[in-house]
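Report on one structure; see the data block that follows.
The values are calculated or read from the model by the stated rules, or taken from the named source; none is laboratory data. Quantities reported herein were computed from a predicted structural model and do not represent experimental measurements. Cβ coordinates were reconstructed from backbone atoms using ideal geometry, including for glycine residues, and neighbour counts include every protein chain displayed.
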Amino acid sequence: MASPPVHVHPDPATLARAAAQRFVNLARSAISRRGVFHVALAGGNTPRRLYQTLAAPPWREAVDWSCLQVFFGDERAVAPDHPDSNYRMARENLLDHLPIPATHVHRMKGESPHLETAATEYEELLTRMLPVAEGGVPCFDLILLGLGTDGHIASLFPGTPVLEIHDRWVAPVYVDKLRSWRLTLTLPVLNRARHLLLLVAGAAKNAIVCDVFARREDAPRYPVERLSPRGTLEWFLDEAAAANTGAEGTRAP
């Protein structure tokens, strides 16, 4: 795994503000150049704090939100109003508070009884709406990612066959340890994004961060180590997640 930029912030709130500023800068740049900002949102507590930050001043006035096209990196196999739904979390903390047209928000249909069909439909949506790179891979301006304590990103979990998919852009995956189905973007899509922001906060994530940072040159053991983006990957960490890692020398104010 290459050595991406790493930003360490004192606490989750400071991390969220820094990530919000990066989000805003990337959105402004994409809108200025192409008139649209294609972004895939993530679930999880650290992205939730980012969404709450973006929905408040001064960030909510800093972007022409009507130029966003909003997608999702993964979704649980639940209805959109279910407490576990990534869409519901993003709607309650971000989308309901910003002037993003409803037609610009594209959720994964995790409630579908036929997840293969839902994955195919979402893949077709991506290839229709996003710029397409060689091989037909859709190209996001930004994909937001969290990091699980087992090293998973989106719904790409260790040991799942979806990690070996290279010719599909969206796929269903059964996570045995959670006894649940998910929909997820695949690694080719993550690695084709212009920008990836990996948001990690809390002491519970420290062990996995330490392990990943210590093994960058080894064969990948975790899904996060399979990130090899054509664009830019940045880590945003708080001090609790970054403790005892080589990232300690890159602290941001």
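Tabulated data for the structure shown
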| read-out | value |
| --- | --- |
| All positions within region 213-228 that are closer than 16 Å to residue 164 by Cα, in a loop (DSSP other than H, G, I, E, B) and in contact (Cβ under 8 Å) with a residue 24 or more places away in the chain | 220, 221, 222, 227, 228 |
| Residue in region 131-138 that is at pLDDT 95 or above, out of contact with any Phe, Trp or Tyr (no Cβ under 8 Å at 6 or more places or on another chain), assigned to a loop (DSSP other than H, G, I, E, B) and not hydroxyl-bearing (Ser, Thr, Tyr) present | yes |
| Among (1) more than 28 Å from residue 30 (Cβ to Cβ); (2) in contact (Cβ under 8 Å) with a residue 60 or more places away in the chain - the single one residue 210 does not satisfy | (2) |
| Residue 56 being surrounded by fewer than 16 Cβ atoms within 10 Å (Cβ to Cβ) and in contact with a Cys (Cβ under 8 Å, 6 or more places away or on another chain) | no |
| Filter result (under 30 Å from residue 219 (Cβ atoms) and surrounded by fewer than 17 Cβ atoms within 10 Å (Cβ to Cβ)) within region 1-37 | 2, 3, 4, 5 |
| Those strands (runs of 3 or more DSSP E) lying entirely in region 165-212 with at least 1 residues farther than 26 Å from residue 238 by Cα and out of contact with any Asp or Glu (no Cβ under 9 Å at 6 or more places or on another chain) | 170-175, 180-185 |
| Unmet criterion (only one of (1) surrounded by 15 or more Cβ atoms within 10 Å (Cβ to Cβ); (2) under 27 Å from residue 62 (Cβ atoms); (3) without any contact (Cβ under 8 Å) to a residue 24 or more places away in the chain; (4) not hydrophobic (A, V, I, L, M, F, W, C)) for residue 103 | (1) |
| Complete set of residues in region 190-243 that are in contact with a strand residue (DSSP E or B) (Cβ under 6 Å, 6 or more places away or on another chain) and among the polar types (S, T, N, Q) | 232 |
